[in-house]
Ligand code: XMP
């Protein structure tokens, strides 16, 4: 990447000349979409509408956090609660690729509605290099169809603008720091959100379990990093498995759910090594999950697989 300031200048100029009318962007609050929204907002002001879709699959407190960031960056925004629609569409969908496609299709539906209402002719997207490299654009095999890459734009009849196309995550973070975007240090979060961390059926109840477990993993790892017990991993979260196992609660047999602790380090998300979490931190995570979520979870396991052969997410 060229120098950060030069990149910002040329990206804003580029967006200004490319976008002749109104534009819309899906803003999840992640660093990619927040940076794209901020750059586009600097270029075209309120001719940009940033849409945050509350899919019901977001992390704890995420919607309010994103609202705060959009306000602070003075981006024109709208928050839409589409959770009921998403859960209805995902009912009975277990296959990972089908999940992504269903969510992609729902996004199209929600956006088409908003784009029409706003009169947007342009779609700004926060696609970065690993998204299109791993989604098979340019002749590579599809590993996962990351939902923000693919047929979506043409179907929507808008001109697509992707200011971060050539950038890798660390470049985007640098740009975010320079712009003062709060999510610069936020860990990446997949477009299909908690649905790909829920290997069971995507229901409000299952998402509730993985949401709470994710929150505990994030919270305990952040606290451990603040105390200097470990470095903050690049990405760290929980996954809910479809497996139940036998346990004991008091003097009774339990048959509960399984949570995986996943933490990785990487520079570009193309390859990754699992983060070495100190045993006492793992112990705290396990105890907190199994005590505060004792009616649901009775087993916590630690994923010690690199990428490859695994991927970072479980789906
Ligand atoms: P994987 O699991 O493919 O993840 O090793 C690499 C990075 O990409 C994120 N990820 C996604 N991001 N849409 C996204 O925008 C997706 O469908 C998606 N799937 C994975 C993942 O969290 C990791 O940072």
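Some values worked out for this structure:
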| read-out | value |
| --- | --- |
| Of the criteria (1) in contact (Cβ under 8 Å) with a residue 60 or more places away in the chain; (2) under 20 Å from residue 86 (Cα atoms); (3) within 16 Å of the ligand (Cβ to nearest atom), which one residue 210 fails | (1) |
| Pick from the range 215-240, criterion within 16 Å of residue 289 (Cα to Cα) and within 16 Å of the ligand (Cβ to nearest atom), ranking: surrounded by the fewest Cβ atoms within 10 Å (Cβ to Cβ) | 218 |
| Total residues in the range 172-192, condition buried (at least 16 other Cβ atoms within 10 Å of the Cβ) and within 15 Å of the ligand (Cβ to nearest atom) | 10 |
| Test for residue 18: is it surrounded by 15 or more Cβ atoms within 10 Å (Cβ to Cβ) and either closer than 29 Å to residue 213 by Cβ or touching a residue at least 40 places away in the same chain (Cβ under 8 Å) (or both) | yes |
| Among (1) under 18 Å from the mean Cα position of the chain (by Cα); (2) modelled with pLDDT under 95; (3) more than 16 Å from the ligand (Cβ to nearest atom), the one test that residue 2 misses | (1) |
| Complete set of residues in the range 146-164 that are in a loop (DSSP other than H, G, I, E, B) and either modelled with pLDDT of 95 or more or surrounded by 17 or more Cβ atoms within 10 Å (Cβ to Cβ) (or both) | 146, 147, 148, 149, 150, 158, 162, 163, 164 |
| Residue match in the range 117-124 (condition: at pLDDT 60 or above, within 12 Å of the ligand (Cβ to nearest atom), over 18 Å from residue 193 (Cβ atoms) and under 18 Å from the mean Cα position of the chain (by Cα)) | no |
| Test for residue 41: is it surrounded by 21 or more Cβ atoms within 10 Å (Cβ to Cβ), under 19 Å from residue 174 (Cα atoms) and modelled with pLDDT of 95 or more | yes |
| Conditions (1) surrounded by 15 or more Cβ atoms within 10 Å (Cβ to Cβ); (2) within 16 Å of the ligand (Cβ to nearest atom); (3) over 17 Å from residue 214 (Cα atoms): number failed by residue 267 | (1) |
| Number of the exception - residue 307 against (1) surrounded by 13 or more Cβ atoms within 10 Å (Cβ to Cβ); (2) away from the ligand (no atom under 16 Å from the Cβ) | (2) |
| Residue among 257, 262, 276 that is away from the ligand (no atom under 16 Å from the Cβ), within 24 Å of the chain's Cα centre (by Cα) and within 30 Å of residue 167 (Cα to Cα) | 276 |
| Subset of the range 193-206 [over 23 Å from residue 35 (Cβ atoms), within 16 Å of the ligand (Cβ to nearest atom) and in a helix (DSSP H, G or I)] | 195, 197 |
| Residue in the range 99-116 that is modelled with the highest pLDDT, counting only those that are buried (at least 20 other Cβ atoms within 10 Å of the Cβ) and away from the ligand (no atom under 14 Å from the Cβ) | 115 |
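The values are calculated or read from the model by the stated rules, or taken from the named source; none is laboratory data. Being a predicted model, the structure only gives us computed values, none of them experimental. Cβ coordinates were reconstructed from backbone atoms using ideal geometry, including for glycine residues, and neighbour counts include every protein chain displayed.
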